[in-house]
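First comes the structure, then the notes that go with it.
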Amino acid sequence: MVVEEIKAKESHENGIAFPSDKIMLDLKDLKKVYPTPKGDYVVLEHLNLQILKEEFVTIIGHSGCGKTTMLSMIAGLNPISGGNIAVLGNPIKGPGPDRGVIFQSPSLMPWMTALQNVLLGVNRVFPHATKAQRKEIAKYYLHKVGLDGAFYKKANELSQGMQQRVGIARAFAIKPKVLLLDEPFGMLDSLTRGELQDILIEIWNKEKITAVMITHDVDEAIFLADRVVMMTSGPRAKIGDILNIDFERPRTRKAVLEHDDYYKYRKHLIDFLEH
Ligand SMILES: Nc1ncnc2c1ncn2[C@@H]1O[C@H](COP(=O)(O)OP(=O)(O)OP(=O)(O)O)[C@@H](O)[C@H]1O
Ligand SMILES: [Mg+2]
C-alpha cells in the first residue's frame, strides 16, 4: 500500500473522507424507511460509507439489519428514502450497467441455455458489437467460471453450483465498474464455495473492478476483503466498524490461516457480532 493511501485510510478513520479521485462508491447519510401496517420502519439511518476504486469490501452484520436493503439501493433496485449514493461522483438514478449484481440464487431464465442467459446481458450492454463478438465475450466468461462443457445446456438442467457460475459469468460479462454480491455462495457446499471464491478473486483482480459482497461467513469475509465493513443491528442500522485486512495478494487459504494476524482479525469480527 502506498503511503498516500495509508494516510487516506487514517484520515478516514478520523472522520475525514478519502480523496475524491480514489472513490468509486459514496454512500452519504443514507436512509431507508419501509412503510409497514404498524407505521414506518427505519431500517438504515445516517449510514456513511466510501468504497475505493478496485477495492474488495465485504459486509457483515446480523440477519435483518439491512444488508440486502443497502446493496439493493446501491444497485438502484430499491428507492432511497434519504441521503444519496454516488458512483464516481454521479448520484445514481436507478439500475445501470455500471453496477452488476449477483444474488444468492442467480434467477436465470430456466428455458434458455447457459450461453443465452449470459448473452441476455451482453446484448443489452454491447448493442453495437457484432453477434460473433458478443458470443465471444459470453463464452470467455463461461470458460472463466469453468463451464466449457455447458454452453448449450438449459439453465434448469444445471446444478445449483453451475447456475451460480452462470450468474457470475453473466455479471462479469457486462463489464460493470462495481460488482454487488449478496451472499452469492450461501447455498453452496464448501468445496464449490472455495472454488468460486478463487474464481471471483481471479476475475476481480484481472478486471480491476470494485466488489462489494455481503456474507454471513467471517472467514470468507476476511479471506476475500481489503476491508470488512460491520453493520450495526437494526432498526436505524449504520456502519459500526471497519476492519482493514492487510494480507498480501494473491492470497492462499493456507497462508491466510497461518498468518499471525488471522485470529486477531477473526476475534475482532466475532466480538463485534456478539455485542
Ligand atoms: N420490502 C420491505 N418492506 C418492509 N420491510 C422490509 C422490506 N424488505 C426488508 N424489510 C425489513 O427490513 C429489515 C432489513 O432487511 P434486509 O433484507 O435488508 O436484511 P439483511 O441484513 O439482508 O438480512 P439477512 O442477513 O437475513 O439477509 C428487516 O427487518 C426486514 O424485515
Ligand atoms: Mg440479506
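Grab the helices (runs of 4 or more DSSP H) fully contained in the range 41-151, keeping just those with 1 or more residues being hydroxyl-bearing (Ser, Thr, Tyr) and open to solvent by 40 Å² or more (accessible area, probe 1.4 Å). Walk me through it before giving the result.
Values: elements: 67-74, 114-125, 131-144.
So the answer is 67-74, 131-144.
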Total residues in the range 88-127, condition touching a Gly at 6+ places or on another chain (Cβ under 8 Å), over 30 Å from residue 148 (Cα atoms) and aliphatic (A, V, I, L, M): 1
Subset of the range 219-246 [in a loop (DSSP other than H, G, I, E, B) and touching a His at 6+ places or on another chain (Cβ under 6 Å)]: 233, 238
So residue 134 passes all but one of these: (1) without any contact (Cβ under 8 Å) to a residue 40 or more places away in the chain; (2) in contact with a Gly (Cβ under 7 Å, 6 or more places away or on another chain). Which condition number does it fail? (2)
Sort out which residues of the range 160-191 are modelled with pLDDT of 95 or more, away from ligand 2 (no atom under 16 Å from the Cβ) and assigned to a loop (DSSP other than H, G, I, E, B), and write them in order of number. 176, 177
Pairs where the first residue, in the range 214-225, is over 18 Å from residue 191 (Cβ atoms) and the second is more than 14 Å from ligand 1 (Cβ to nearest atom) and open to solvent by 20 Å² or more (accessible area, probe 1.4 Å), C-beta under 7 Å, 6+ apart: 218/266; 218/270; 222/266
Could you please find all residues in the range 162-188 being farther than 18 Å from residue 126 by Cα and open to solvent by 10 Å² or more (accessible area, probe 1.4 Å)? 162, 163, 165, 182, 183, 186, 187, 188
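If you scan the range 249-275, which residues turn out to be out of contact with any helix residue (DSSP H, G or I) (no Cβ under 8 Å at 6 or more places or on another chain) and part of a loop (DSSP other than H, G, I, E, B)? Explain how you work it out, then say what you get.
Of the residues in the range 249-275, the ones out of contact with any helix residue (DSSP H, G or I) (no Cβ under 8 Å at 6 or more places or on another chain) are 252, 254-255, 257-261, 263-264, 267-268, 271-272, 274-275.
Across the range 249-275, the qualifying residues are 252, 259, 260, 261, 275.
Looking at 223, 151, which is the one that is in contact with a Leu (Cβ under 6 Å, 6 or more places away or on another chain) and either at pLDDT 95 or above or farther than 25 Å from residue 139 by Cα (or both)?
Working: 223 fails: in contact with a Leu (Cβ under 6 Å, 6 or more places away or on another chain).
Answer to the selection: 151.
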Test result for residue 35, open to solvent by 30 Å² or more (accessible area, probe 1.4 Å), more than 14 Å from ligand 2 (Cβ to nearest atom), in a loop (DSSP other than H, G, I, E, B) and modelled with pLDDT of 95 or more: no
Exactly one of 207, 220, 202 is of a type in the set (D, E, K, R) and surrounded by 17 or more Cβ atoms within 10 Å (Cβ to Cβ), and that residue is 220
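The values are calculated or read from the model by the stated rules, or taken from the named source; none is laboratory data. Quick caveat, the model's predicted, so the values are computed rather than measured. Using ideal geometry, Cβ is built from the backbone for each residue, glycine included, and neighbour counts are taken over all protein chains shown. Each accessible area value is taken on the protein alone, full model and side chains, heavy atoms only, with ligands, DNA and RNA left out. Shrake-Rupley method; radii C 1.70, N 1.55, O 1.52, S 1.80 Å.
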